[in-house]
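A.B. asks: Quick one: this structure, given as structure tokens, is what I'll be asking you about.
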Amino acid sequence: MVITYQGENYFKIQAGDIIALVDSVNQRSFKGASFILRTDKPQSEPQAPDEPLTLSHQGEYEVRGVHINAWTESGATIYRMNLDDLNVVILGRLAKEPSPETQEHLQDADILITPAGQKPYLSAQNAAKLVRQLEPSLVIPSFFDNLKPFLKEIGQDKCEPEERITLKKKDLKPRAMLIRCLKP
């Protein structure tokens, strides 16, 4: 799996020939995408026939063999998908802690992409609290102006930004949480 970051909450997640775009802001990037996940308010406009499938509502989906679950919390859509035998959870534009029922569905996250302190999304303190509750193997912060408060809350001194994260299931150790940062 290869994960790259384009800024804000725009991620490209690739596993083999499957390409998932999260909150893509540029239609040019749609080329080659298997599907697009929107974490902001659900979209109601019709989709152009030549665009990849765009998901923006809560529900259960199967796209090109990828199982995706989505929940709506405070106007934002949270996703959990399984790619390369890894459970990837994307909290997206979450502004407050999800309900206990939703959190229960997120407990098996291998990779958690979470807002890390930029207003109006989860504060550094709330994001760190949620990370500790979910205990993913890998945390990738998004939506941050300054990452230091989040890292301090998590108990980490620094996080060297990387161009991309490339990993497989065997690279992650359960209950040994890593924080990795991506360059926009």
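A.B. asks: Kindly indicate whether any position in segment 126-136 is among the acidic types (Asp, Glu), more than 19 Å from THR39 (Cβ to Cβ) and surrounded by fewer than 19 Cβ atoms within 10 Å (Cβ to Cβ).
C.D. replies: yes
A.B. asks: Among the residues of segment 58-99 satisfying the criterion of being within 17 Å of ILE140 (Cβ to Cβ) and charged (D, E, K, R), which is surrounded by the most Cβ atoms within 10 Å (Cβ to Cβ)?
C.D. replies: Once the filter is applied, the top-ranked residue is ARG93.
A.B. asks: Go over the candidates LEU106, LEU122, LEU112 one by one and state the one that is at pLDDT below 95, buried (at least 20 other Cβ atoms within 10 Å of the Cβ) and under 17 Å from GLU73 (Cβ atoms).
C.D. replies: LEU122
A.B. asks: Would you mind telling me which numbered condition in (1) modelled with pLDDT of 95 or more; (2) buried (at least 18 other Cβ atoms within 10 Å of the Cβ) LEU55 fails?
C.D. replies: Result: LEU55 fails condition (1) only.
A.B. asks: Oh, and also: Can you tell me which residue in segment 1-20 is nearest to ASN146 (Cα to Cα), limited to those that are touching a Phe, Trp or Tyr at 6+ places or on another chain (Cβ under 7 Å) and among the hydrophobic types (A, V, I, L, M, F, W, C)?
C.D. replies: So the residue we want is PHE11.
A.B. asks: Of all the residues that make up segment 153-184, how many are part of a helix (DSSP H, G or I) and either under 24 Å from LEU122 (Cα atoms) or modelled with pLDDT of 95 or more (or both)?
C.D. replies: The number of residues fulfilling the criteria is 2.
The values are calculated or read from the model by the stated rules, or taken from the named source; none is laboratory data. Since we're looking at a predicted model, the values are computed, not measured. Cβ coordinates were reconstructed from backbone atoms using ideal geometry, including for glycine residues, and neighbour counts include every protein chain displayed.
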